[in-house]
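Worksheet for the structure shown next.
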Amino acid sequence: MDLDAVADELYGLPPAEFTASRDRRAAEAGRSGDRALAKSIRALRRPTLAAWACNLLARQRPEEVELLTALGEGLRQAHRELDGARLRELSRRQRVLVDTLARQAGQLAAEAGQRIGDSPQREVAATLHAVLADPQAAEEWAGGRLVTALASPAGFPAVDSGTVRRLPSAPDRERAPGREATVSELDAARDRRRQREAEERATRARHEARKAEQELHAREGELDRRRDEADEARQALAETERGLEDLEHRLKDARARHRAAAERARQTDRSLEQAEQAAREARRRTGTSTPDDGS
């Protein structure tokens, strides 16, 4: 474990995770006996949201670091030489590039699980302007360990009048090869960035398509299972209905037999009653007492 490695790790984390991770690393250094390292780790400051987004951009978009650095060099050179045409050309590129990189920083932060608002977004843009104006700021940003956003300068550093070289008029002026190469590098880097963004969009689209296909298969499997369950339920219902119908038929037959038996019992009772009545009449006519008269 060394301070640079720990700092690289910590400043790549979301700000919400910084303090706990820093304290854990400091404790590990302390347990290993390196008290000086533990103290240095504890002294590391948590980055602001804007600084963290700038660090993400520097770490994950190294080509953009190179691109912005080259543009800053070109702007400072044109400023020193009072090259108005060159300044206008590169200033236009500056506005486009800063806006693009600030948006990219916001996208990277969102992909890392932390959206940044308007105020941090403006701080990111201010940092990029500072990088254009100041080589030291550019070096600090490229290291990916900013703690706070850098302040946007009011303008480029003052030019020493003794070092200003007045350029001849446009028809007589010859472009320095190094400055033309800077423009070419800017264009090439811009094209690479666009190509990378297109590839990233294509990769995300393929990923989403795979996820959609997997979800479709899962839904189709679920639908098949539900259909099977519905078929089984309908079959069970049909069997139950057949059993119920059979029970209803048997109940109907039982009720019919019950009615017939009840009718036979009533008829038997009537016949018995009639027979008893006839027997009593016969006994009276013959003067014979009935068995239950007590005579």
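The values are calculated or read from the model by the stated rules, or taken from the named source; none is laboratory data. Treat the numbers as computed from the prediction; the structure is a model and nothing was measured. Virtual Cβ from ideal backbone geometry, glycine too; neighbours counted across all protein chains shown. Just the protein is used for accessible areas: all its heavy atoms, side chains included, with ligands, DNA and RNA removed. Shrake-Rupley method; radii C 1.70, N 1.55, O 1.52, S 1.80 Å.
A search for C-beta distances below 7 Å between a residue of the range 74-86 that is crowded, with 18+ Cβ neighbours inside 10 Å and any residue that is modelled with pLDDT of 80 or more and among the hydrophobic types (A, V, I, L, M, F, W, C), counting only pairs 6+ apart in sequence or on different chains, returns Gly74/Leu90; Leu75/Leu90; Leu75/Leu132; Ala78/Leu90; Arg86/Ala78. Leu71 meets all of the listed conditions (1) over 25 Å from Leu13 (Cα atoms); (2) assigned to a loop (DSSP other than H, G, I, E, B); (3) of a type in the set (A, V, I, L, M) but one, namely (2). Scan the range 109-123 and tell me whether some residue there is under 15 Å from Val147 (Cα atoms) and part of a helix (DSSP H, G or I). Yes: the range 109-123 contains one or more residues that are under 15 Å from Val147 (Cα atoms) and part of a helix (DSSP H, G or I). Screening Ile41 against (1) more than 18 Å from His129 (Cα to Cα); (2) among the β-branched types (Val, Ile, Thr); (3) touching a residue at least 40 places away in the same chain (Cβ under 8 Å) leaves a single unmet condition, (3).
Scanning the range 15-57 for residues that are assigned to a loop (DSSP other than H, G, I, E, B) and either open to solvent by 30 Å² or more (accessible area, probe 1.4 Å) or more than 19 Å from Leu108 (Cβ to Cβ) (or both) yields Ser32, Gly33, Asp34, Ala43, Leu44, Arg45, Arg46, Thr48.
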